[in-house]
Amino acid sequence: MRRKLAAGNWKMNGTSENLKELKALRDAHPDPKVEMLICPPATLITSAVVTAADHPLQIGGQDNHRAEAGAHTGDIAATMLKDAGASYVLSGHSERRTDHAEVDEQIRRKTKTAHAAGLKVIVCIGETLEEREAANTLDIIAGQLAGSLPDVLTAENTVIAYEPVWAIGTGKVPTTDQIGEVHDFIRSKLVKRYGDGVGKSMRILYGGSVKASNADEIFAVSNVDGALVGGASLKASDFSPIITALENA
């Protein structure tokens with residue numbers, strides 16, 4: 001059985017004042033039935049780890065440099081995230097691909113570096129609205145999977161997050177049939193490349209305007225093993241119902 005994962009990405013939001021939301025989240029789920037993860041800004045990772053102490057809530061980073069160390073002012077090494085207490089890191093989020101022109105090969109290298117540091121990686125993939133309207137979605141997904149994933153990985157250290165770019169923060173959500181088509185396709189590609197053991201065990205998350213009102217419907221879709229949530233993860237009152245929906249899925 002694949003353990004379900006509810007992951008929250010705070011993006012460039014949050015100061016120490018927002019740590020109260022983590023406390024509220026852990027208090028709302030003292031014995032969660034699913035894996036819980038929050039990826040706050042790097043400045044909050046250590047404090048977040050302290051806030052989440054003695055609770056299964058895990059803390060992750062939002063990005064790491066592809067190099068292990070070096071002259072990269074302003075960047076963060078995977079070993080630094082690990083040292084700060086992070087257990088996960090995101091790689092290839094669409095905002096990194098767009099705002100920083102990151103390509104699949106860079107994401108593959110970042111993922112390998114994070115694995116070497118002992119971090120679990122959530123590799124993000126997804127199509128733009130133009131690609132969706134041109135009926136190129138599955139081709140784009142296949143290319144991103146092939147280019148962004150290392151040849152050697154495990155179902156324990158890697159998670160896939162399908163995030164249609166046009167649904168992130170827009171309130172637009174694909175139909176359940178569209179989500180199911182892509183998630184089933186991803187599963188087939190993982191099995192073909194890595195075999196049944198890894199391919200059938202790796203978790204696939206959905207991300208893109210997930211909220212309490214649509215979580216039940218999304219989590220009922222084939223091969224949806226959880227969610228990568230943006231804005232709705234900033235407040236415990238918004239994220240908690242999503243976690244509960246996943247627990248009940």
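A few notes on this one:
- In the range 30-112, counting only strands (runs of 3 or more DSSP E) that sit wholly within it, the ones holding 1 or more residues that are in contact with a Pro (Cβ under 8 Å, 6 or more places away or on another chain) and crowded, with 18+ Cβ neighbours inside 10 Å span 35-39, 58-61.
- Selected residue (only one of 173, 159 is aliphatic (A, V, I, L, M), out of contact with any Pro (no Cβ under 6 Å at 6 or more places or on another chain) and within 24 Å of residue 118 (Cα to Cα)): 159
- In a residue-by-residue description of the range 130-140, the property of being within 16 Å of residue 63 (Cβ to Cβ), at pLDDT 95 or above and not in a loop (DSSP other than H, G, I, E, B) applies to no position.
- Residues in the range 182-212 that are under 13 Å from residue 164 (Cα atoms) and not in a loop (DSSP other than H, G, I, E, B): 182, 183, 205, 206.
- Cβ-Cβ contacts under 8 Å between residues 6 or more apart (or on different chains), taken from a first residue in the range 5-16 that is part of a strand (DSSP E or B) to a second residue that is basic (Lys, Arg) and crowded, with 18+ Cβ neighbours inside 10 Å, are listed as 5/203.
- Selection count where residues are surrounded by 13 or more Cβ atoms within 10 Å (Cβ to Cβ) and either of a type in the set (Asp, Glu) or in contact with a Ser or Thr (Cβ under 9 Å, 6 or more places away or on another chain) (or both), scope the range 1-29: 16
- When 195, 147, 169, 199 are checked against the criterion of being of a type outside the set (Phe, Trp, Tyr), surrounded by fewer than 19 Cβ atoms within 10 Å (Cβ to Cβ) and within 16 Å of the chain's Cα centre (by Cα), 169 stands alone in meeting it.
The values are calculated or read from the model by the stated rules, or taken from the named source; none is laboratory data. Computed from a predicted model, the values in this text were never measured in an experiment. Using ideal geometry, Cβ is built from the backbone for each residue, glycine included, and neighbour counts are taken over all protein chains shown.
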